[in-house]
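Below: the structure, in structure tokens.
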Amino acid sequence: MAIDVIRATTTAITAVAAGRRCFPVPSLEAALLLGRQLRNALLAGEISGDLPQEFELNNSPAEIAAREDLDRPLILLSSSGTKLIHAARQCHSAYLACFRNCASLSRYLIRRHPRVALIGAGTRGEFREEDQICCAWIARELIAAGYEGEDDRTSSIVDRWSTAAVEACLCSKSVDYLRRSGQTRDLDFTLEHVNDLPHVFMMRDGEVVMAAQAATAGCTSAPSMVRA
């Protein structure tokens, strides 16, 4: 499972929840190539915080949510998050998580997958607080359902962050960057949209798709292991 709360998975999930197609890409070259293949594509994202010349907007969930051109497929690029999403698609089932869908995704995963890996994108080699919180919230529900943490590191993250309020992420360097760069709309959007989506989002053929509503999920396997 790929998690990059600030901001790639939040942006991707927000786009698809609104009815827009979304294609996360690992590089600028991949974004431009796909942009030539998709009709009237919307290129959004950043490289090390900078907006590429060919792009229309940043990796911004707030901006994506405000746009009305839902017929334009989103090609999304970020420094770390979309690389993780792109790599995760090699897994049998690759899900996306952010604060918006933690609860619904937790319910969906229980008994569907005996082992679950929760992977934060990491920025400059750091497992940022917002991603640790998101991982811990999901892991808490899985453990309550009978899963076990794989190692001491997983247990430590769950113990520290599983009951944290969303505001606990305000100490993050990601938050500091948004404030310093004048992108507080994205911070406000992230903090104000918590567990407001009942849907599950996953990668399929290079595209983020809405898989299901958690309430309709069936049970196919016994719980086993969770790793953060």
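Output the number of the condition that Glu126 fails; it satisfies all remaining conditions of (1) open to solvent by less than 50 Å² (accessible area, probe 1.4 Å); (2) modelled with pLDDT under 95; (3) of a type in the set (Asp, Glu).
Every listed condition holds for Glu126 apart from (1).
Which of the residues spanning region 57-94 are in contact with a Leu (Cβ under 6 Å, 6 or more places away or on another chain) and either farther than 21 Å from Leu33 by Cβ or open to solvent by 20 Å² or more (accessible area, probe 1.4 Å) (or both)?
Asn58, Glu63, Arg72, listed by residue number.
Cβ contacts < 7 Å: first residue at positive phi, restricted to region 43-67; second residue in a strand (DSSP E or B), any location; separation 6+ or different chain. Result?
So the pair list comes out as Gly45/Leu76; Gly45/Leu77.
Conditions tested, residue by residue: (1) within 20 Å of Tyr95 (Cα to Cα); (2) touching a strand residue (DSSP E or B) at 6+ places or on another chain (Cβ under 9 Å); (3) open to solvent by less than 50 Å² (accessible area, probe 1.4 Å); (4) without any contact (Cβ under 8 Å) to a residue 24 or more places away in the chain.
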site: Ala117; (1), (2), (3), (4): yes, yes, yes, no
site: Glu141; (1), (2), (3), (4): yes, no, no, no
site: Gly149; (1), (2), (3), (4): yes, yes, yes, no
site: Arg153; (1), (2), (3), (4): no, yes, no, no
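Can you tell me which residue is modelled with the lowest pLDDT among those in region 193-227 that are among the aliphatic types (A, V, I, L, M) and touching a Leu at 6+ places or on another chain (Cβ under 8 Å)?
Ala214
What pairs come up if the first residue lies in region 157-184 and is under 20 Å from Pro61 (Cα atoms), the second is of a type in the set (Lys, Arg) and surrounded by fewer than 18 Cβ atoms within 10 Å (Cβ to Cβ), and their beta carbons are under 9 Å apart, counting only those six or more places apart or on different chains?
Once the first residue is under 20 Å from Pro61 (Cα atoms) and sits in region 157-184, its partners that are of a type in the set (Lys, Arg) and surrounded by fewer than 18 Cβ atoms within 10 Å (Cβ to Cβ) give Lys173/Arg124; Leu178/Arg185.
Among the residues of region 169-182, how many are of a type in the set (S, T, N, Q) and surrounded by fewer than 19 Cβ atoms within 10 Å (Cβ to Cβ)?
1
On the basis of being in contact (Cβ under 8 Å) with a residue 40 or more places away in the chain, out of contact with any helix residue (DSSP H, G or I) (no Cβ under 7 Å at 6 or more places or on another chain) and of a type outside the set (Asp, Glu), does His86 make the cut?
So His86 passes the test.
Which residues, taken from region 21-65, are of a type in the set (Asp, Glu) and assigned to a strand (DSSP E or B)?
Asp50
The values are calculated or read from the model by the stated rules, or taken from the named source; none is laboratory data. All values reported here derive from a predicted model rather than from experimental measurement. We place every Cβ from the backbone using ideal geometry, glycine too, and count neighbours over all the protein chains shown. Surface accessibility is based on the protein's heavy atoms, side chains included, excluding ligands, DNA and RNA. Shrake-Rupley method; radii C 1.70, N 1.55, O 1.52, S 1.80 Å.
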